[in-house]
1. Among the residues of the range 182-196, write down those that are open to solvent by less than 60 Å² (accessible area, probe 1.4 Å), of a type in the set (A, V, I, L, M) and part of a helix (DSSP H, G or I).
2. From the set of residues in the range 159-202 that are farther than 20 Å from residue 139 by Cβ and of a type in the set (Asp, Glu), which is nearest to the chain's Cα centre (by Cα)?
3. From the list 218, 209, pick out the single residue that is closer than 16 Å to residue 136 by Cα, open to solvent by 30 Å² or more (accessible area, probe 1.4 Å) and not small (Gly, Ala, Ser).
4. What strands (runs of 3 or more DSSP E), lying completely within the range 64-158, carry at least 3 residues that are open to solvent by less than 20 Å² (accessible area, probe 1.4 Å)?
5. Given the condition within 23 Å of residue 190 (Cα to Cα), out of contact with any Asp or Glu (no Cβ under 9 Å at 6 or more places or on another chain) and of a type in the set (Asp, Glu), answer yes or no: does some residue in the range 128-137 qualify?
6. List every residue pair whose Cβ atoms sit under 7 Å apart, with the two residues 6 or more apart in sequence or on different chains, where the first one lies in the range 8-28 and is without any contact (Cβ under 8 Å) to a residue 12 or more places away in the chain and over 14 Å from residue 115 (Cβ atoms) and the second, anywhere, is open to solvent by 10 Å² or more (accessible area, probe 1.4 Å) and in a helix (DSSP H, G or I).
7. Is there a residue being under 13 Å from residue 82 (Cα atoms) and among the aliphatic types (A, V, I, L, M) anywhere in the range 15-22?
8. Only one of (1) surrounded by fewer than 14 Cβ atoms within 10 Å (Cβ to Cβ); (2) in contact (Cβ under 8 Å) with a residue 24 or more places away in the chain; (3) assigned to a helix (DSSP H, G or I) fails for residue 34. Which number is that?
Amino acid sequence: MLTKDSWQLLVYISSQTDVYIFSGVIRNFLLGYVYNRDLDIVVKNINRLKLPAIYRDKIQIKRNSFGGYKLKIGMLNIDAWDIEKTWGIQQMRLKGTPYSLVKTAFFNFSAITYDFNKSRFIYDKCFVDFYRTHAMNIQYMENPNIPLCIVNTFYYAKTYLFPLKYELCRWIINNYSDDFDYNEVQLKHFNCIIFNIKKIRQLVNICYKYLPVLEKNKTTGALQLF
């Protein structure tokens, strides 16, 4: 799934610190999807990492919104941040461990990480539930970017045809606001607008309409939006 240069970079970083592969690339790998827009990695002591001169002409580096770095190598974007700086870990005042990383993931399909150095998966029960049903749900309800979480939910529901479980639908209804700038959020994250405000309102209303039905069947029920 990686080019030779990006693989060698990952191996080089892992020679200096612990590396945990996180988020969409694992989900896509386990579900059989080849395409990935980016690669998220979480490391320890990110500011102590050193890259040899050979990579300086191959990599574009800038700060990202996680307080870490965004690396562009070829066509692949790599977001890297320090595990201690993970927002949920800081909010819950947890130790910077891969188990804390999994516990503070927003979506259930992100409640898994791959310990690159030890070649093992670390995951939570809610990820197992997702893998069994392919239905989206929430693992950790707090998030600093509510509008992006709402847009991402609809994006994953459309792209992968993932249905929504009750807790996720309820979270969307409770947190949706017309005051959010959904266009700006999408342009920053996707470089395009996937859902206009009319479509977003329509999808939120569908969640609201079917919430009572989902509430009666929380265990196996899920809403197929697309």
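The values are calculated or read from the model by the stated rules, or taken from the named source; none is laboratory data. Values in this document were obtained by computation on a predicted structure and should not be read as measured data. Neighbour counts run over all protein chains shown; Cβ positions are idealised from the backbone, glycine included. SASA here: full protein model, heavy atoms, side chains in, ligands and nucleic acids out. Shrake-Rupley method; radii C 1.70, N 1.55, O 1.52, S 1.80 Å.
1. 185
2. Among those that are farther than 20 Å from residue 139 by Cβ and of a type in the set (Asp, Glu), it is 184.
3. Details: 209 fails: closer than 16 Å to residue 136 by Cα.
None of the other options fit; the residue is 218.
4. On the way: elements: 69-73, 76-82, 112-115, 120-123.
Correct list: 76-82, 112-115.
5. Taking every residue of the range 128-137 in turn, none turns out to be within 23 Å of residue 190 (Cα to Cα), out of contact with any Asp or Glu (no Cβ under 9 Å at 6 or more places or on another chain) and of a type in the set (Asp, Glu).
6. none
7. Filtering the range 15-22 down to residues under 13 Å from residue 82 (Cα atoms) leaves 17-22.
Still in the running and among the aliphatic types (A, V, I, L, M): 19, 21.
There is at least one residue in the range 15-22 that is under 13 Å from residue 82 (Cα atoms) and among the aliphatic types (A, V, I, L, M).
8. (3)
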